[in-house]
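**Q** Structure in structure tokens, see below.
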Amino acid sequence: MPQMQDPRFAHSVVFLCTHSADGAMGLVVNRQFVGLSFGELLEQLEIFPGDDAPVLSVQAGGPVEPGRGFVLHSLDYRQEATLAISETIGLTATVDILRAIAEGHGPRQVLLALGYCGWGPGQLDAEIRENAWLNVPSDLDLVFSEELDSKWKQAIARLGISLAMLSSDAGHA
């Protein structure tokens, strides 16, 4: 919601990867990770990029385990450890996908994130009932766009309503 006060989530676009009775997990897709480039990450992991390696930015995926990496990607790339989130988007959290990307054999669309957003059982559901979050359908263009500063407004625009019409007060019928 526009009124979100928590600085970790204000104007964040979170791609929800899993949501069940056991809790929820997602990745912020519109925040640059400050202080580490893709090349530096590869160097730390002793992965040496080939000539076809893309230049990627590293996203701050959320406040939980900021040293843990996740790759949100198009499903033209799969490995045993890939979690298919939808028909078009997968999540892989192994070093093998970073090697494939560095060699130019990775997925066509990639978002690399360090850290994640996590909610315990029922926590996200309660926050949604309290009008803390807005929900829009996933969209490949939005998720993988490199224009981080405009993703939040793009997500809001998909609702088809004016921000001025939104209230953080929950109503009950």
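The values are calculated or read from the model by the stated rules, or taken from the named source; none is laboratory data. These numbers come from a predicted model, not from an experiment. Neighbour counts run over all protein chains shown; Cβ positions are idealised from the backbone, glycine included.
**Q** Looking at the stretch 95-108, is at least one residue under 20 Å from LEU16 (Cβ atoms) and surrounded by fewer than 21 Cβ atoms within 10 Å (Cβ to Cβ)? Show your work before the answer.
**A** Applying the first criterion (under 20 Å from LEU16 (Cβ atoms)) to the stretch 95-108 yields 107.
If we keep only those that are surrounded by fewer than 21 Cβ atoms within 10 Å (Cβ to Cβ) too, we end up with none.
No - not one qualifying residue is present in the stretch 95-108.
**Q** Of all residues in the stretch 19-29, which are touching a residue at least 24 places away in the same chain (Cβ under 8 Å), at negative phi and surrounded by fewer than 18 Cβ atoms within 10 Å (Cβ to Cβ)? Let's see the steps before the verdict.
**A** First, pick out the residues of the stretch 19-29 that are touching a residue at least 24 places away in the same chain (Cβ under 8 Å): 19, 21-29.
Add one more test, that the residue is at negative phi, and what stays is 19, 21-22, 24-29.
Matches in the stretch 19-29: HIS19, ALA21, ASP22.
**Q** Return a yes/no flag: does the stretch 30-38 have any residue that is of a type in the set (Ser, Thr, Tyr) and surrounded by fewer than 13 Cβ atoms within 10 Å (Cβ to Cβ).
**A** Filtering the stretch 30-38 down to residues of a type in the set (Ser, Thr, Tyr) leaves 37.
From the residues that got through so far, the ones that are surrounded by fewer than 13 Cβ atoms within 10 Å (Cβ to Cβ) too are none.
No, the stretch 30-38 has no match at all.
**Q** Since MET1 meets every condition but one in (1) hydrophobic (A, V, I, L, M, F, W, C); (2) touching a Ser or Thr at 6+ places or on another chain (Cβ under 8 Å); (3) under 22 Å from ILE128 (Cβ atoms); (4) in a strand (DSSP E or B), which condition does it not meet?
**A** For MET1, the exception is condition (4).
**Q** Give just the number: which of (1) part of a helix (DSSP H, G or I); (2) touching a strand residue (DSSP E or B) at 6+ places or on another chain (Cβ under 7 Å); (3) of a type in the set (Lys, Arg) does ARG99 not satisfy?
**A** With (1) part of a helix (DSSP H, G or I); (2) touching a strand residue (DSSP E or B) at 6+ places or on another chain (Cβ under 7 Å); (3) of a type in the set (Lys, Arg) applied to ARG99, the lone miss is (2).
**Q** Name, by its number, the condition in (1) more than 13 Å from the chain's Cα centre (by Cα); (2) under 18 Å from SER12 (Cβ atoms); (3) assigned to a strand (DSSP E or B) that does not hold for GLY67.
**A** Against the list (1) more than 13 Å from the chain's Cα centre (by Cα); (2) under 18 Å from SER12 (Cβ atoms); (3) assigned to a strand (DSSP E or B), GLY67 comes up short only on (2).
**Q** Something else: Within the stretch 102-145, which residues are in a loop (DSSP other than H, G, I, E, B), at pLDDT below 95 and over 13 Å from PRO54 (Cα atoms)?
**A** Matches in the stretch 102-145: GLU130, ASN131, ALA132, TRP133, LEU134, ASN135, VAL136, PRO137, SER138, ASP139, SER145.
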